[in-house]
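Here's the structure, in C-alpha cells; my notes come after.
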Amino acid sequence: MTERRPNILTTILAKKAEEVRAARLERPVAGLMSDAKLAPAARGLARALRRPLGEPVRVLAEIKRASPSAGPIRPGADPVEIARDYAAGGAAALSVLTDRTFFDGDLGFLPRVRAAVELPLLRKDFVIDPYQIYEAAAAGADGVLLIVAALDASLLAELHACADECGLDTLVEVHDVREAELALKLDAQLIGVNHRDLRTFEIDMSLTGVIAKLVPPEVVLVAESGIRVAADVQLLGAVGAHAVLVGEQLMRAPSPGDALRTLRS
C-alpha cells in the first residue's frame, strides 16, 4: 500500500495567505498596480516555450535553492549567477522560485535576474491573490504559475484574467486528467503537467502522455518533475511536450549550465 503523507500544499497555502495579508499592509495594492503598469513589456513566455515541429524540446530551467520534498538543494546560490549559466547552456526561459519559507526563494530575485539575462521569466510561487500577480508584473516577471489543485474554479478564472490584463502569460499546472479538463475550460494556452503526486510525492512520468491526448495543438504543454536525463526529455517530447521544467537535477550539478547542455543533448 502506498504511504500517504500530509498534503504539503495545505500547509503552504495557509502560510501564503498570511504572507499576502502582511504584504498588503506594507505595500498597498494601488501603488503596486501603478508599478505593474510601468513595468517593461513582457518577453513572451509561452512563445519561448512553444516547440516548432521537428525542433528539440525547450527547457524551462529553474532557479531552485530548496524544496519541501528535497530539502536544501543549493543553499545560498546566487540567482544571477545561475541565470547566466542557464542562458549560456541554452535555456529557453527561466523559472524563478520566489517563495521564501518553503523554497528559499525571494521576490527580489526577479528584477535582478531580468537585468542579467534576456530570457523570459516565470514567477514560480503559490499564487492565491491578484496582489501576487501585480507583484510579479512590477518585479519583472513575464509569466506566473497557477496551480489548479490550490484554487477553486472561480478564483482560478479570476487570477487567469488578472494575469492576462497585466500582459503576463500563465502556466496553469495540473496533476491529473480532471485538473487538465478544468485548465482547458479556462482556455489556458500554457499547461504544465506535474508528474509529482502532492499526497505521496511519487512520480508518474506517463502523465504527460495521457494529458497530451486531451490538449489541442495550439496549447503549449510543459512537462514537470522527475526529469533527470536526456532520454527523459526525448521521451516526453515524443508524447507531446513542447518543453520541460527542470530545477533540482540542474541545481545539484557543479555547473547548472553544463548539466543543461547534457540534458539537451
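One table, with the values for the structure above:
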| item | result |
| --- | --- |
| Per-selection metrics, segment 73-174 (Cα): Rg and Dmax in Å | 13.5, 40 |
| The chain, relative contact order [Cα under 8 Å, separation at least 6], % | 22 percent |
| Overall form of the chain per C-alpha gyration tensor (a/c, 1.5; a/b vs b/c) | rounded |
| Net charge of Cβ neighbours under 10 Å - reference VAL220; Lys, Arg +1; Asp, Glu -1 | +2 |
| Within the accessible area of the chain (1.4 Å probe), percent carbon and sulfur | 53 percent |
| Per residue accessible area in Å² of the chain, where ligands, DNA and RNA are left out and the probe is 1.4 Å | 45 Å² |
| Gyration tensor verdict on segment 34-97 (Cα atoms; rounded if a/c is under 1.5, prolate if a/b is larger than b/c, oblate otherwise) | oblate |
| Estimated 222 nm signal from helices in the chain, with DSSP H stretches of n ≥ 4 weighted -39500 (n - 2.57), rounded to 500 | -12000 deg cm²/dmol |
| Counting all C-alpha pairs of segment 122-233, share separated by more than 22 Å (%) | 31 percent |
| Spacing of the two label points (7 Å from each Cα toward its C-beta) at ASP35 and ARG178, in nm | 3.9 nm |
| Alpha carbon centroid spacing (whole Å) that separates segment 230-252 from segment 145-215 | 18 Å |
| Distance between modelled label sites at LYS15 and THR200, nm, 7 Å Cα→Cβ extension | 2.5 nm |
| Overall form of segment 1-130 per C-alpha gyration tensor (a/c, 1.5; a/b vs b/c) | oblate |
| Estimated dipole of segment 94-145 in Debye, rounded to 20 [Cβ of Lys and Arg +1, of Asp and Glu -1, Cα centre] | 100 debye |
| Label point at GLU81 placed 7 Å out along Cα→Cβ; residues across segment 242-258 whose backbone nitrogen lies under 12 Å | 254-256 |
| Residue of ARG50, ARG27, ARG112 that the Gaussian network model of the chain assigns the largest fluctuation, springs spanning Cα pairs under 10 Å | ARG27 |
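The values are calculated or read from the model by the stated rules, or taken from the named source; none is laboratory data. Here the structure is a predicted model, which is why all the values come from computation and not from measurement. Methodologically, a virtual Cβ is constructed for each residue, glycine included, from the backbone with ideal geometry; neighbour enumeration extends over all protein chains shown. To get the accessible areas, we keep the full protein, side chains included, count just its heavy atoms, and leave off ligands, DNA and RNA. Shrake-Rupley method; radii C 1.70, N 1.55, O 1.52, S 1.80 Å.
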